[in-house]
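Worksheet: the structure to be examined is printed underneath.
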Amino acid sequence: VAARLLVVLGDDGNVTSLYAQHMYEHSLPQLAPVLTVAFGVAALGLFSDLLNQAVVSRKVGDDPAFDPTSYDQGPLTDDSTAGYSVYDALKCQVRRSAEQIIHADPLQMSAVLDELGKYAPKLFRRLEMFVLSKHPAAAPERARSLLLDVELLEASWCKHEYASLALAWFPSLTTPDQ
């Protein structure tokens with residue numbers, strides 16, 4: 001029922017929903033926590049899939065290599081735009097849903113990271129780093145591999161999340177890795 005209710009529509013750069021203008025952004029923050037408590041990682045999967053659809057809908061043209069999320073460089077914790085678009089509302093709620101799951105049960109970290117790892121847009125790598133920075137000990141090898149990934153070290157598109165993960169896990173790395 002939630003998937004049908006929250007469906008995202010659009011193409012050529014426009015993302016819409018079945019809701020009246022701005023009502024999706026208004027309703028999602030009320031629905032997402034309840035669905036996350038009831039369905040856990042499955043709810044995160046729904047929100048992640050919807051976010052991925054919104055990302056695909058934001059693409060303009062046929063270039064398969066174009067990733068519109070590579071230009072979203074503000075911190076993921078900045079929710080100031082969450083009430084203005086379907087895309088921003090979903091981005092916020094995927095992060096919050098993942099945080100809610102990990103806060104309730106840190107042992108769900110692998111399942112959360114697996115869910116976020118299903119999608120190609122860079123936004124999902126940022127979400128992985130952000131979530132992992134909250135409890136890096138729950139997936140130490142994943143934290144290590146992200147911190148040692150040379151392409152992420154100075155990438156502007158993920159600097160906030162990479163820095164958070166580095167602050168959380170760098171001291172735990174072995175001396176050679178540091």
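The values are calculated or read from the model by the stated rules, or taken from the named source; none is laboratory data. From a predicted model like this one, the values you see are computed outputs, not experimental measurements. Virtual Cβ from ideal backbone geometry, glycine too; neighbours counted across all protein chains shown. Note: areas computed on protein heavy atoms with side chains; ligands, DNA, RNA excluded. Shrake-Rupley method; radii C 1.70, N 1.55, O 1.52, S 1.80 Å.
These residues, Tyr119, Tyr19, go from largest to smallest accessible area, 1.4 Å probe, as Tyr19, Tyr119. Looking at the square roots a ≥ b ≥ c of the eigenvalues of the Cα gyration tensor of segment 79-129, which shape do they give, rounded for a/c under 1.5, prolate if a/b is larger than b/c, or oblate? The shape class here is oblate.
For Asp72, no residue 5 or more places off, or on another chain, has a built amide H under 5 Å of its own.
From helices alone, the chain scores -17500 deg cm²/dmol at 222 nm; the rule is -39500 (n - 2.57) for each run of n ≥ 4 DSSP H residues, then divide by the residue total.
Computed with a 1.4 Å probe on the full set of protein chains, the accessible area for Asp114 sits at about 110 Å². One chain, two ends: Glu141 and Val1. Fully extended at 0.36 nm per residue, the span grows by 46.7 nm beyond their Cα-Cα distance. Working from the pairwise distances between different alpha carbons, so that the mean of 1/r is found and then inverted, what is the chain's Kirkwood radius in Å? 16.7 Å is the Kirkwood radius here. Over segment 29-113, all Cα pairs binned in 5 Å intervals from 0 give whole-percent P(r) values of 3, 14, 23, 23, 18, 12, 5, 2, 0, listed from short to long. A full extension of the chain between Asp78 and Asp105 corresponds to an added length of 7.3 nm, given 0.36 nm per residue minus the alpha carbon distance. Could you tell me the calculated FRET efficiency between Thr16 and Tyr71, based on Cβ-Cβ distance and R0 = 22 angstrom, to the nearest 0.05? Step by step, r from the Cβ atoms, then E = 0.60. Computed over protein heavy atoms with a 1.4 angstrom probe, the accessible surface ordering of His26, His160, largest first, is His26, His160. Measuring with a 1.4 angstrom probe and ignoring ligands and nucleic acids, Glu99 comes out at about 60 Å² accessible. For segment 70-169, the convex hull spanned by the alpha carbon atoms encloses 92 Å³ per residue. Each of Met109, Met23 has its accessible area taken with a 1.4 Å probe; listed largest first, they run Met23, Met109. Overall, segment 40-178 carries a charge dipole of about 160 debye about its Cα centre when +1 sits on the Cβ of Lys and Arg and -1 on the Cβ of Asp and Glu, all other atoms neutral. Counting only protein heavy atoms and using a 1.4 Å probe, the accessible area of Ser85 comes to about 30 Å². Report note on the peptides 136-149, 39-52: ranked by the mean count of other C-beta atoms within 10 Å, highest first, their order is 39-52, 136-149.
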